[in-house]
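Q: Let me begin by handing over the structure; questions about it come next.
The values are calculated or read from the model by the stated rules, or taken from the named source; none is laboratory data. Since the structure is predicted, the reported quantities are computational estimates derived from the model, not experimental observations. In this analysis, Cβ positions are derived from the backbone assuming ideal geometry, glycine residues included, and neighbour counts consider all displayed protein chains. Protein only, heavy atoms only, side chains kept; ligands, DNA and RNA dropped before computing areas. Shrake-Rupley method; radii C 1.70, N 1.55, O 1.52, S 1.80 Å.
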Amino acid sequence: MTPVSFAIVLIALTSAVAGQLALKKAMDASNAAGFRAREFGRPLSAGMLLMTLQFFLNLGLLQRYDLSFIYPFQGLSVIIITFAAAIVLREKLTLQLTIGSALISAGIVLVSLS
């Protein structure tokens, strides 16, 4: 994997995580202020843009690499989103959630190695 490809993988992963966080913020804002509020529209638009970017970056990566090579990087998003949600959104991080995220990611890595 070239440094450019690795950078694209990291950008795709970051876009997916940031997109999920933005969409969660938008949905929380819709509960508090409604769907017409600015607090809803901005994070929704940002989340949609980031998830679209991640989608097209993944398509480009799939053109060049096997899915079994790319998928473990996407599996990292489970752990990153868990900790990012705890930090950015102040969601409660339990031991059970942490262990579950680690087991899911370990399973993805094991499957990709076979």
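Q: Determine the dipole magnitude for segment 1-107: charges of +1 sit on the beta-carbon of Lys and Arg, -1 on that of Asp and Glu, nothing else is charged, the reference point is the Cα centre, and the result goes in debye to the nearest 20. Don't skip to the answer; put the middle values down first.
A: Working: 8 positive and 4 negative charges, 65 e Å.
Magnitude of the dipole: close to 320 debye.
Q: Give me the percent of the accessible area of the chain that comes from carbon and sulfur atoms, probe 1.4 Å, all protein chains in place. Show your work: numbers first, answer last.
A: Details: 5230 of 7620 Å².
Carbon and sulfur together cover 69 percent of it.
Q: When the solvent-accessible surface of protein heavy atoms is calculated with a 1.4 angstrom probe, in what order do 88, 17 fall, highest first?
A: Details: 88 80, 17 10 Å².
So the residues, ranked largest to smallest area, are 88, 17.
Q: Report the semi-axes of the equivalent ellipsoid for segment 1-66 in whole Å, largest first, where each axis is √(5λ) for an eigenvalue λ of the Cα gyration tensor. Could the numbers behind the result be given before it?
A: Numbers: eigenvalues 187, 16, 11 Å².
That gives 31, 9, 7 Å for the three semi-axes.
Q: Only Cα pairs within less than 10 Å get springs; with that Gaussian network setup on the chain, which residue of 101, 15, 30 has the largest fluctuation?
A: Among 101, 15, 30, the largest mean-square fluctuation in the Gaussian network model of the chain belongs to 30.
Q: Right, here's the next one. Counting other Cβ atoms within 10 Å of each Cβ, which chymotrypsin sites (Phe, Trp or Tyr not before Pro) in segment 1-47 have at most 14 and sit in a DSSP loop? Present the calculation step by step, with values, prior to reporting the outcome.
A: Numbers: sites: 6, 35, 40; in loops: 35.
In loop regions of segment 1-47 (DSSP not H, G, I, E or B), the sparsely surrounded chymotrypsin sites (Phe, Trp or Tyr not before Pro) are 35.
Q: What percentages make up the Cα-Cα pair-distance distribution of the chain when the bins are 10 Å wide from 0?
A: All Cα pairs, binned at 10 Å, distribute as 14, 36, 33, 15, 2 percent.
Q: I've got another one for you. In units of 2.2 N^0.38 Å, what is the alpha-carbon radius of gyration of segment 59-104? Walk me through the numbers before you get to the answer.
A: Values: Rg = 13.6 Å, N = 46, 2.2 N^0.38 = 9.4 Å.
Dividing the Cα Rg of segment 59-104 by 2.2 N^0.38 Å gives 1.44.
Q: Next question. Hey, if you put +1 on the Cβ of every Lys and Arg and -1 on every Asp and Glu Cβ in the chain, which of 50, 95, 9 ends up farthest toward the positive end of that dipole?
A: Of the listed residues, the answer is 50.
Q: Could you give the angle, 0 to 90 degrees to the nearest 10, between helix 38-64's Cα long axis and the longest principal axis of the Cα atoms of the chain?
A: Around 10 degrees separate the two axes.
Q: Any idea which of 60, 37, 79 is furthest toward the positive side of the dipole for the chain, if Lys and Arg beta-carbons carry +1 and Asp and Glu beta-carbons -1?
A: 37
Q: Quick one: Cα centre-to-centre distance for segment 29-106 and segment 1-22, in angstrom?
A: Rounded to whole Å, the Cα centres lie 11 Å apart.
Q: Let me ask something additional. Taking the 0 to 90 degree range and rounding to the nearest ten, how far is the long axis of helix 95-113 tilted relative to the main principal axis of the chain, both from C-alpha atoms?
A: Tilt of helix 95-113: around 30 degrees.
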